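Reading through the C-alpha cells given below for one structure.
Only the coordinates and a few stated rules stand behind these numbers; no lab work does. Everything numeric in this text was worked out from a predicted model, so none of it was measured. Cβ coordinates were reconstructed from backbone atoms using ideal geometry, including for glycine residues, and neighbour counts include every protein chain displayed.
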Amino acid sequence: MFCTKCGANNPDGAFCCTSCGSPLNNPQAPQQPVYQQPVYQQPTYQAPQQPVYPAQPVYNNPTKPSVPAKGLSITSMVLGIVSLALFCLWYLALPCAIVGVILGAIAMNKSKIMGVKNNMATAGVACSCVALGAAIIFIVIVAASCSSLMYY
C-alpha cells in the first residue's frame, strides 16, 4: 500500500505511513481510538456561604438625655469638697464654698430647664453649703475665743 502523502511503500494492514506518519486509508487496518487530551478547566472559586440570621428586633428605646452643664456640676462638687477639707483656713474655704454654691445652682437650673435630674450639682451645692456653714461656725468660735482672751 502506498502513502498518498509521500508515496512511500507501506506493508499491507498498516494504518499509518512508516515514512511520514500520516494516516493511511486502509479499510483492513484496525481502527485505533483517537486520543484526545483532556481540556484543562481552571477551577472556579466559590466563596463560602454566610449563614443567614434572623433580623434583630428593633427596640424603640429613647436615648437618655445628656446632663447639661456637666462641667459646672463637677466644678461645684470639687469646690464643695475642697472647702469642706479646708474649713479651718476660712480665707480659702469661704470663697470656694460661695463659688461652689453659685456654680451648682446654675447647673441645677440648666438641668431643670432640660427636664433632667442632675445629682452631681445637688451634691456640689450640698457640700458647699455644709462647708460654708462649717467655716462660719469656725470663724464665730475663733472670734469668741479671741474676745474672751482679751478680758483676761
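Things to note:
- Kirkwood's formula applied to the C-alpha pairs of segment 101-146 gives a hydrodynamic radius of 11.8 angstrom.
- Difference of contour (0.36 nm per residue) and Cα-Cα distance, Val142 to Tyr40: 26.3 nm
- Relative packing of 107-113, 19-25, which averages over residues the other C-beta atoms within 10 Å, highest first: 107-113, 19-25
- Cα gyration tensor shape for segment 70-150, rounded if a/c is under 1.5, else prolate or oblate: prolate
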